[in-house]
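Student: My questions will all concern the structure given below.
Throughout, read-outs are computed from the coordinates displayed, never taken from laboratory work. If you're wondering where the values come from, they're calculated on a predicted model, not measured in any experiment. A quick note on method: Cβ atoms are made from the backbone with ideal geometry, for glycine too, and the neighbour counts reach across all protein chains shown.
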């Protein structure tokens, strides 16, 4: 079924248009995103997932020369609740887009900024905590893992990258909008995770991924409320997280290297936790 034709505003064809300049700054500068509290998502899948997750666009841009409807990624903001769409020329769209001639749709919206205590979590949550993440590509890959594994929330502490960086959004394939993400500093996150008053059935166990004084990951019991904590790509986990952990775990290495990429490590340990929790639920042996 094809999209309904949305209400179109007069097409913008000049790259000197003030809205175009504003969106270009949002795309290019984290300081502009931080100051305005806005972000840009481009691409059919990314915009579809944002709208489906309840993101309300401030601006929705469409390039008729590029855009093609795709039933795999509907645009509910257009399909169900038609709203004005700003159309732009191919020249303007390519001025704004990171991917030239790609998909022809772009969204500008307000950022969602959650504190951990504002998250809505089940009784036995599975949480990922990433300290000091620096690379947008790693963050995007971790978000994809979190979505695929059904992680209940991602907590970013002392983050050194902007989660609304266009590279993070693109590498997440839109999963930034499907995974609840909270941001805070280390002290706030540790206080929240370890405070009995914050949890009806007790705080989650904190498992820190480090090499020193640790056990193989498959020997750790991650069947209950669990927080998997990972350090920055260059520095590893801080002493504060090491001290707050219930258990240090590692991924055994059969080769000559002693560590994996942050996103790869997060994927392995996350799906191990999922495996254990699934088998506990089904009554099968670990």
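Student: Counting only helical runs of four or more DSSP H residues, what would the 222 nm mean residue ellipticity of the chain come to if each run contributes -39,500 (n - 2.57) and the total is spread over all its residues?
Tutor: Here the helix-only value at 222 nm equals -9500 deg cm²/dmol.
Student: Contact order normalised by length for the chain, with contacts defined as Cα pairs under 8 Å and 6 or more residues apart; what percent is it?
Tutor: Relative contact order comes out at 18 percent.
Student: Expressed as a whole percent, how much of the Cα-Cα distance distribution for region 193-244 exceeds 19 Å? Numbers along the way, then the final one.
Tutor: Details: 436 of 1326 pairs.
Value for region 193-244: 33 percent of Cα pairs lie more than 19 Å apart.
Student: What's the exposure ranking of 245, 208, 14, going from fewest to most Cβ atoms within 10 Å?
Tutor: 14, 245, 208
Student: By count of other Cβ within 10 Å, fewest leading, how are 271, 207 ordered?
Tutor: By the 10 Å Cβ count, ascending, the order reads 271, 207.
Student: For region 116-282, just say rounded, prolate or oblate: build the C-alpha gyration tensor, square-root its eigenvalues into a ≥ b ≥ c, call rounded for a/c under 1.5, and beyond that prolate if a/b exceeds b/c, oblate if not.
Tutor: Verdict is rounded for region 116-282.
Student: List the relative contact order of region 116-282 as a percent without decimals, with contacts defined as Cα pairs under 8 Å and 6+ residues apart.
Tutor: Over region 116-282, the number comes to 27 percent.
Student: In the chain, what % of DSSP beta bridges are antiparallel (nearest 5)?
Tutor: Of the beta bridges lying entirely in the chain, close to 30 percent run antiparallel.
Student: With a bin width of 5 angstrom, please list the P(r) values of the chain as percents of all Cα-Cα pairs, from the 0 bin to the one holding the largest distance.
Tutor: Result returned by the calculation: 1, 5, 12, 15, 16, 14, 11, 9, 8, 5, 3, 1, 0.
Student: Follow-up question, since we're still on this one. Considering only C-alpha atoms, what is the centroid distance from region 154-206 to region 218-286, in Å?
Tutor: A separation of 16 Å, based on Cα centres.
Student: Separate question: Say each of residue 256 and residue 36 gets a label point 7 Å from the Cα, pointing the same way as Cα to Cβ; how far apart are those two points in nm?
Tutor: 5.0 nm
Student: May I ask you to sort 175, 184 by Cβ crowding, counting other Cβ atoms within 10 Å and putting the fewest first?
Tutor: Taking fewest neighbouring Cβ atoms as first place, the list is 184, 175.
Student: Hey, another quick one. How far is helix 262-282 tilted, in degrees, relative to the longest principal axis of the Cα atoms in the chain, given as a value from 0 to 90 rounded to the nearest 10?
Tutor: That helix lies at roughly 70 degrees to the long axis.
Student: Related question: Against the 2.2 N^0.38 Å scaling, with N counting residues, where does region 136-212 land? I'd like the Cα-based Rg ratio to two decimal places.
Tutor: Ratio of Rg to 2.2 N^0.38 Å for region 136-212: 1.20.
Student: Give me the Kirkwood hydrodynamic radius of region 18-110, using the inverse of the mean 1/r over all pairs of distinct Cα atoms, in Å to one decimal.
Tutor: Final number for the Kirkwood radius of region 18-110 is 13.2 Å.
Student: Normalised by the residues of region 9-110, what does the relative contact order come to in percent, with Cα pairs under 8 Å and at least six apart? Before the final figure, lay out each step's value.
Tutor: Details: 158 pairs, mean separation 45.4, N = 102.
Relative contact order for region 9-110 comes out at 44 percent.
Student: Further, regarding this structure: Multiply the residue gap between residue 279 and residue 219 by 0.36 nm, knock off their C-alpha separation, and tell me the result in nm, one decimal place.
Tutor: 20.1 nm is the gain from fully extending residue 279 to residue 219.
Student: Which percentage, to the nearest 5, of the DSSP beta bridges contained in region 146-259 is antiparallel?
Tutor: 5 percent
Student: Here is a follow-up. Taking region 29-76, how much of its Cα-Cα pair set, in percent, is spaced more than 12 angstrom apart?
Tutor: I get 67 percent for the Cα pairs in region 29-76 exceeding 12 Å.
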